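See structure below.
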């Protein structure tokens, strides 16, 4: 369906938030088109909890209504809200190219990939309370930083603020504690996908991440699209994923084509600085879900899982500034003649994605000065 985006929560000119289905620059109001009380709430969670048959039925009905000429609310009259209540947020490290680039940056005299990387989808548990909807400004974070040549850490605003271009998926059906979710059941548990910007303060992260990984360098904000694109609209975009060597353990061997062909781009201060594709992700979404639950951890309606930075193999396909500028050593030049090593106050980032005729909801955010 040309121009479709997906489901989200919107309000019209100060009215109550309710669920809608966005197509291009219009929104089908599901609270007034016979879909029931579950769609007059300020969250997708009730709808998501109904399960796969309901997701596919409602999506098909929305498409039919739009094609039949149903009235759409102009997007410019709407305020978009966070699409669902996010109980848990997990971020992975699924791009071989991104992991290799960072390994070469920080371990130039060693193998770029750590020994576990090709055996499991590495990830960290993020902070769901700071997941914000596209358009929400992001305040530059403050914290401890220490450069290699400094004798002691100092406190202050991050000087190496970065973006991360990611693709996330939203859980529909929850699972019970101690009940692993097999990757083959992915479509029964996962409703759809969103673009994600996992903002990163690289200088805070560099000082804190050993031995337990990301904390304050990541937890200050994660931006997501206001519209969740259902898997039902993306069935023809699943393609073979990259070959995995060595072969993963049995619980991560998931038959079928699970790469997702989504063209991605990043715009910084009005300039497109990166273009890549999610189909190159080494670890697929079903593998991420299977690994996250194999120890018996449960999932719940509205949970968000993100891919980690998506980078390609060629210059200009990197999904973060730390890669595009090689940790600031090679600043990029913008159209107005200015350069960027990392994000500056006032910069606006926009992430966009397209899967053939289906546009994903963009993720937009502008940087505000620190409040240290």
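Please treat every number below as a calculation from the coordinates, not as lab data. Please read these numbers as outputs of a predicted model, since none were measured by experiment. Methodologically, a virtual Cβ is constructed for each residue, glycine included, from the backbone with ideal geometry; neighbour enumeration extends over all protein chains shown.
Structural remarks
- Here r is the Cβ-Cβ distance between residue 176 and residue 257 and R0 is 41 Å; the resulting FRET efficiency, rounded to 0.05, is 0.90.
- With an a/c value of 1.5 or above and a/b not larger than b/c for the gyration tensor axes a ≥ b ≥ c computed over the alpha-carbon atoms, region 4-81 is described as oblate.
- Spin-label pair residue 139/residue 236, simplified geometry with 7 Å Cα→Cβ offset, distance in nm: 4.7 nm
- Additional length obtainable on full extension of the chain from residue 272 to residue 70, 0.36 nm per residue less Cα span: 69.2 nm
- Percent antiparallel among DSSP beta bridges (both partners in the chain, rounded to 5): 90 percent
- Relative contact order [Cα under 8 Å, 6+ residues apart], the chain, whole percent: 23 percent
- Cα centroid separation, region 302-333 to region 1-56 (Å): 32 Å
- Cα shape, region 321-372, gyration tensor, a/c 1.5 rule: oblate
- Efficiency of FRET between residue 147 and residue 265 - r from beta-carbon atoms, R0 30 angstrom, step 0.05: 0.40
- Computed E for residue 24/residue 345 - FRET, C-beta separation, R0 45 angstrom, nearest 0.05: 0.85
- Considering helices alone, the calculated mean residue ellipticity of the chain at 222 nm is -4000 deg cm²/dmol, with DSSP H runs of length four and up weighted by -39500 (n - 2.57) and normalised per residue.
- Between residue 2 and residue 334, the distance separating the two model label sites (each 7 Å from Cα on the Cα→Cβ line) works out to 3.4 nm.
- Burial order of peptide ranges 178-186, 347-355 (average beta-carbon count within 10 Å, highest first): 347-355, 178-186
- Taking 0.36 nm per residue of separation and subtracting the Cα-Cα distance, full extension of the segment from residue 249 to residue 114 would add 46.8 nm.
- Ranked by the mean number of other Cβ atoms within 10 Å per residue, highest first, peptides 65-71, 197-203, 170-176 order as 197-203, 170-176, 65-71.
- Sorting the segments 214-220, 54-60 by their residues' average number of neighbouring beta-carbon atoms within 10 angstrom, most packed first, yields 214-220, 54-60.
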